[in-house]
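Notes follow once the structure below has been shown.
Please treat every number below as a calculation from the coordinates, not as lab data. These figures come from a predicted structure and were not determined experimentally. Note: ideal-geometry Cβ built from the backbone for every residue, glycine included; neighbour counts use all protein chains shown.
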């Protein structure tokens, strides 16, 4: 009789918890391990968003089309984002990562991380994406208040989420309560 294996997402979660516990234990009594970088944590968040967002079915060309996570502008993740999603399957779909320098190049993207390098073009980028079911994510200050959907914010050395539900609804996206529970909900024009 074969051994039952936990789904890949559950195995990854268990591995992350084990790593965190190991890091905490050894940092108290032994060698200090480097804490994950902000970009490493953000890469894991991007993967996790794929599990807690529902897109309209017409967004995908085929029932098994992949979920595409794209980076627009300077890539802060290096190979980390690729490593995080490698071999993962969410809702029967594989995940792939693409990188673009111009918003006009985007095709078939479900999650778009907009790099800080695009700060000066943010309004134009969000205007171009209007009416498309793309989960926009960035760490640009004020991103969610200016029409983006999820903004990474550093508070007390921890990454927090600010979510613009109006922007998500306008994009036709449904965000899980599991994603919203720890987030701060913001709207256009709020500080």
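If the chain between residue 82 and residue 61 were fully stretched, how many nm would it gain, using 0.36 nm times the residue separation less the Cα-Cα distance?
Taking residue 82 through residue 61 to full extension adds about 5.3 nm, to one decimal.
Please give the Cα centre distance for region 77-131 versus region 157-188, rounded to the nearest Å.
17 Å
Roughly how many nanometres apart are two label points built 7 Å out from the Cα toward the Cβ at residue 104 and residue 123?
2.0 nm
Please give the length that would be gained between residue 39 and residue 91 if that part of the chain were fully extended, namely 0.36 nm times their separation in residues minus their C-alpha to C-alpha distance (nm, one decimal).
16.2 nm
Which of 154, 81, 179 comes first, and how do the rest follow, when ranked by fewest Cβ neighbours within 10 Å?
Lowest to highest Cβ neighbour count: 154, 179, 81.
Determine, for 128, 109, the number of other Cβ atoms within 10 Å of each Cβ, and report the residues in order from fewest to most.
With the sparsest Cβ surroundings first, the list reads 128, 109.
Can you classify region 60-109 as rounded, prolate or oblate using the Cα gyration tensor, where a ≥ b ≥ c are the square roots of its eigenvalues, rounded means a/c under 1.5, and otherwise it's prolate if a/b beats b/c and oblate if not? Walk me through the numbers before you get to the answer.
On the way: a/c = 4.25, a/b = 1.27, b/c = 3.35.
Oblate, because a/c is 1.5 or more while a/b does not exceed b/c.
Name the shape class, rounded, prolate or oblate, that the alpha-carbon gyration tensor gives for region 37-186, where a ≥ b ≥ c are the square roots of its eigenvalues, rounded holds for a/c under 1.5, and otherwise prolate holds if a/b is larger than b/c and oblate otherwise.
It is rounded, given that a/c, with a ≥ b ≥ c, falls under 1.5.
Please give the length that would be gained between residue 141 and residue 169 if that part of the chain were fully extended, namely 0.36 nm times their separation in residues minus their C-alpha to C-alpha distance (nm, one decimal). Present the calculation step by step, with values, prior to reporting the outcome.
Values: separation 28, 0.36 × 28 = 10.08 nm, distance 2.14 nm.
Length gained between residue 141 and residue 169: 7.9 nm.
Rounded, prolate or oblate for region 33-93? Axes are the square roots of the Cα gyration tensor eigenvalues, ordered a ≥ b ≥ c, and the cut-off for rounded is a/c under 1.5.
prolate
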